[in-house]
Amino acid sequence: MKLSFQSAASKAIAADVVATFIRQDKTLFTKEMKSLEAQFGGGISDILKAGDFSGKIGETALAYPDRGSKTPRVLLVGLGENIPDNDANAWLERYRRAAAAAAKRAYTLKAKRLALALPSLGQRSSDGIVAFAEGAALALYKFDKYITKNENNKHVVESIVLCSQEQSVKNSGVKSVAFASAIVEGTYRARDLSNAPGNEIYPETLAKTAQETGRRSGFKVTVFDEKRIKSLGMGGIIGVCKGSARQPRFIILEYKKAAGQPVVLVGKGVTFDTGGISIKPSASMGEMKMDMSGAAAVIGTFEAVAKLKLPVNIVGLIPAVENMPSGTATRPGDILRHYNGKTSEVDNTDAEGRLILADALGYAERYNPAAVIDLATLTGACVVALGHVVTGLMGNDEVLMQKLKSAGEKTYERVWPLPLFDEYEKLIKSDVADVKNVGGRWAGAITAGWFLKKFIGNYKWAHLDIAGTAILEEKGDYTQRGGSGVGVRLLTEYLRNWK
Ligand code: BES
Ligand code: MN
Ligand code: ZN
């Protein structure tokens, strides 16, 4: 699906569906509907009279123009009730949702070419275009490559053209749509990786995909094999992969288009998490093919950043393993020695993410980083606390955390802080090692965060627990059931503001 920008009036656009966006506000609504009726006819006044469309957010109504229009269909899409003009982030999310509704309706109409006739964007011209493009494109994502039925007539929306004649929009249109394309491609990559089953994506193939993506989009990828991982003393990675027939990988991504210390992004890459000897119940264990969503977000972010040629210096670190039970697996009670020399007692082999992240966080110190941000589907406890709505945020630097919070509000990949108070530390005290990998029943997201904190170096650090936001049980406006690709838009926005 191709995104592009055109400076044109809605009447002049040749597309199978032209979507036009209408506010619910009483006076504006009537005015906008009247102007559409004047342009297209097509029974738009009948839609009004019948009360079939009121401009509610996401609401749609279809009209068939009967006056000199190049399009056979005009789709009315609601933008919802008025919100303060200065609440930019709320408007951007409205745009995404409205564009998503337009795209999904175009898809059910089997349209190949969709045009979005943008409303007046005021002060939000470039962010607004990006939001419209993202919303439409992300809503059309499907993971259907394994469905063989109807292989030949699988329908796709081939192109989405964003159109406007507003001067400020015309000025930034092409650039903003190119920006959105890179973001969408990165997010699609992350979703594809997450959704891919464990027999397709395992440490070796995850590394291969990273390498291919790097070659195509312009970043460097280095892969350490098991021997190298062992000789580096990454005992967490070795410990977790021991039960699996699949070898581990340690994947390093590098993109340097700025001088100075890098930002290091660390992604949990558990390509399948059975729990190991502390095996999980079988109900919905299949979801754990997405336990590498942190890694997917890092790879997707590198793809977006490289395609955008952002002037930043970033390093990505991905410990990739499969967590399986077997005769060679790590046992509860085993003690591992991590990259930085510290030891951990494995009380529960299902708390494996923190064990491999401990090695990566130690390794990050080598880069003398300006900041380290890790993303991990780390705890069920985080899903209990925050649901699928918002990502859990922990860390040691208020400024870094605040920046992530702002980027989250703008992209609507929101994050919310959980405290790393000192009192929680004793919950992961071990009698036989430096730290224990589980903290008991309470505050599970926080004790996991505290475990990571024990392994960070002397740098600014933020931890994002994406267990709830990366793996979705239900579809949303522009997300599907399954892997959401969360993190790509958040991190790209964070890096775009990097100085
Ligand atoms: N990958 C899981 C966390 C998870 C659970 C992510 C559900 C997404 C949805 C992680 O490795 C795990 O198993 N965590 C345990 C930790 C416990 C043993 C302390 C958990 O949350 O139950
Ligand atoms: Mn686990
Ligand atoms: Zn896991």
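The values are calculated or read from the model by the stated rules, or taken from the named source; none is laboratory data. Note that the structure is predicted; figures quoted are calculated from it, not measured. Quick reminder, even Gly has a Cβ in these numbers, built from the backbone with ideal geometry, and neighbours come from all protein chains shown. The accessibility values were calculated without ligands, DNA or RNA, using every heavy atom of the protein model including side chains. Shrake-Rupley method; radii C 1.70, N 1.55, O 1.52, S 1.80 Å.
One table, with the values for the structure above:
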read-out	value
Mean Cβ count within 10 Å, highest first, over the residues of peptides 313-324, 433-444, 223-234	313-324, 433-444, 223-234
Among beta bridges that DSSP assigns inside segment 189-496, antiparallel share in %, nearest 5	50 percent
Gyration tensor verdict on segment 419-499 (Cα atoms; rounded if a/c is under 1.5, prolate if a/b is larger than b/c, oblate otherwise)	oblate
Mean-position separation - Cα centroids, segment 42-117 and segment 333-384, in angstrom	47 Å
Amide H contacts of Tyr339 (H built 1.01 Å from N, under 5 Å, at least 5 apart or other chain)	Gly235, Gly236, Asp359
Per-residue ³J(HN,Hα) for segment 470-475, Karplus 6.51 cos²θ - 1.76 cosθ + 1.60, θ = phi - 60°, Hz, x for Gly and Pro	8, 10, 9, 8, 9, 6
In degrees, nearest ten, helix 293-308 long axis to first principal axis of the chain (Cα)	50 degrees
Å³ per residue enclosed by the Cα convex hull of segment 1-126	103 Å³
Inter-label distance for Asn171 and Lys256, nm, one decimal - labels placed 7 Å from Cα along Cα-to-Cβ	3.7 nm
Spatial separation of Cα centroids for segment 440-482 and segment 278-311, in angstrom	12 Å
Long-range amide H partners of Asn396 with built H, under 5 Å	Trp461
Carbon and sulfur %, accessible surface of the chain computed with the full protein complex present, 1.4 Å	50 percent
Mean Cα-pair separation over length for the chain, i.e. relative contact order, pairs under 8 Å, 6 or more apart, %	15 percent
HN-Hα J in Hz across segment 226-241 - Karplus 6.51, -1.76, 1.60, θ = phi - 60°, x for Gly and Pro	4, 4, 5, 4, 5, 5, 7, x, 7, x, x, 5, 4, x, 6, 7
Cα-based convex hull volume of segment 189-496 per residue, rounded to whole Å³	115 Å³
Relative contact order for segment 29-119, counting Cα pairs under 8 Å that sit 6 or more residues apart, in percent	22 percent
Rounded accessible area per residue of the chain, 1.4 Å, Å²	41 Å²
For segment 89-210, radius of gyration divided by Kirkwood radius, i.e. Rg to Rh on alpha-carbons	1.04
Ranking by accessible area, most exposed first, for Glu425, Glu32, Glu81 with a 1.4 Å probe	Glu81, Glu425, Glu32
DSSP bridge orientation in segment 2-167 - percent antiparallel, rounded to nearest 5	15 percent
Cα centroid separation, segment 152-175 to segment 223-248 (Å)	46 Å
Glu473 - accessible surface, heavy atoms, 1.4 Å probe, Å² rounded to 10	100 Å²
Sequence-distant residues sharing a close amide H with Gly483 (under 5 Å, placed H)	Asn195, Leu472
Per-pair calculated FRET efficiency, R0 = 35 Å: Lys142 and Thr328 via Cβ, rounded to 0.05	0.35
Around Arg23: net Lys/Arg minus Asp/Glu count, Cβ-Cβ under 11 Å	+1
Phi-based couplings in Hz for segment 274-290 (Karplus 6.51, -1.76, 1.60; Gly and Pro marked x)	7, x, x, 4, 7, 5, 6, x, 6, 4, 6, 5, x, 4, 6, 5, 8
Computed over segment 210-302, the ratio Rg/Rh where both radii use C-alpha atoms and Rh is Kirkwood	1.02
Test item: Cα-centred dipole of segment 2-167, Lys/Arg +1 and Asp/Glu -1 on Cβ, debye	520 debye
Among 342-355, 157-170, the order from most to least packed when residues are scored by Cβ within 10 Å on average	342-355, 157-170
